[in-house]
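The values are calculated or read from the model by the stated rules, or taken from the named source; none is laboratory data. For clarity, every value in this text was computed on a predicted model and none was experimentally measured. Counting neighbours? That spans all protein chains shown, and the Cβs are built from the backbone with ideal geometry, glycine included.
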Amino acid sequence: MNGKKKTSAEILADRVLEHVIEHNLDVGAHIKEVELSKILKVSRTPIRSAFLHLQESGYLVKKPNQGFFLDKLPDQNLSNQRMGKESEHPDLDPICYSIGQEYLSGKLNRSFTENDLINRYQLGRKAIQEALIAMEKDGWLTRNIGYSWEFNEFISSPIAYAQSYRFRQLIEPEALRDNSFTVDHTRLQMLRMSQIDILNNDQKLVSAADMFNAGVLFHETIVAMSGNVFLLDALKRVNRLRRLIEFNVNGKRPIPRKECEEHLQLICLIEKGNLEEASRFLESHLARTAKEKEEIAKNLFG
């Protein structure tokens, strides 16, 4: 692997191969564009690009006036490999959320030591160390010289949390109104698949980390299309500041189906070039989401 990010066609191609494995299709099976576009919930154009990629890779063969047919069986470990990648970043241990929530509520100082937590939670040193390392990896904490740890700079009051959403309502819709906004169909397609993955996740948990990261990726990608580096930098900063509280909020709510559905609606508006309508829709989406999350967040602060 060279570390290069996959294109939307390559990502979709993997999904098509997973479909082949899941349904035990044999060589010679007719792989239909219309059928796969419905299953993967994308239009036929990106599906066609995925099929062409699979044709180049030797998995599909195109027959004149008939369409595409399976010419080679994919590796049966493909789905397991993909699930393995998804599990590289598992959800945090519940103790991490307890530590974060106690900091937000003022019950835990910003700076503390391992021994402070061992005594507070009556856990072994190994469990506390593992939790601290996981929190450090996710950007919650910084390890100081010696034995102390310190929470990074975060939003730590209900007023500041509400203000962060109000700030986003001011800058994100304006990004869509920027004269330099350029619709990137490939990026939008990747965002669509990410949101569909969450919506299709009825049979398994979506971690708070996945929910937060998917939301950040979605909104930062949309703002990035404006080409305005100042709007994007401002959004990235507020996302860093709300990281801790969002992890705790997302840990206390179910899969945000309404949020994902609205994300998909926004993508459709942008793809059609209805940027003014998309801007208004995004503002109302942020307002609705803020109201829902602020209710949950009230119980996190002291």
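Key figures for this structure:
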{"read-out": "Members of region 265-295 found to be modelled with pLDDT of 95 or more and β-branched (V, I, T), listed by number", "value": "I267, I270"}
{"read-out": "Checklist (1) at pLDDT 85 or above; (2) among the small types (G, A, S); (3) buried (at least 18 other Cβ atoms within 10 Å of the Cβ) applied to G227, failing item", "value": "(3)"}
{"read-out": "Residues (in contact with a Leu (Cβ under 8 Å, 6 or more places away or on another chain) and under 10 Å from L191 (Cα atoms)) located in region 211-229", "value": "L217, F218, H219, T221, I222"}
{"read-out": "The one condition in (1) surrounded by 12 or more Cβ atoms within 10 Å (Cβ to Cβ); (2) at pLDDT 80 or above that D26 fails to fulfil", "value": "(1)"}
{"read-out": "So K236, is it under 18 Å from the mean Cα position of the chain (by Cα) and without any contact (Cβ under 8 Å) to a residue 60 or more places away in the chain", "value": "yes"}
{"read-out": "Residue among E259, E246, E220 that alone is free of Cβ contacts under 8 Å to residues at least 24 places away in the same chain, surrounded by 14 or more Cβ atoms within 10 Å (Cβ to Cβ), closer than 30 Å to N152 by Cα and within 14 Å of the chain's Cα centre (by Cα)", "value": "E220"}
{"read-out": "Matching residues in region 188-212 - criterion: being surrounded by 16 or more Cβ atoms within 10 Å (Cβ to Cβ) and without any contact (Cβ under 8 Å) to a residue 40 or more places away in the chain", "value": "S194, F212"}
{"read-out": "Residues satisfying the stated conditions in region 271-287, i.e. over 19 Å from the mean Cα position of the chain (by Cα) and either acidic (D, E) or part of a helix (DSSP H, G or I) (or both)", "value": "E271, L275, E276, E277, A278, S279, R280, F281, E283, S284, A287"}
{"read-out": "Pairs where the first residue, in region 165-178, is of a type in the set (F, W, Y) and the second is modelled with pLDDT under 95, C-beta under 7 Å, 6+ apart", "value": "Y165/A290; F167/V238"}
{"read-out": "Criterion (assigned to a strand (DSSP E or B) and charged (D, E, K, R)) met by exactly one of E136, E174, E150, E130", "value": "E150"}
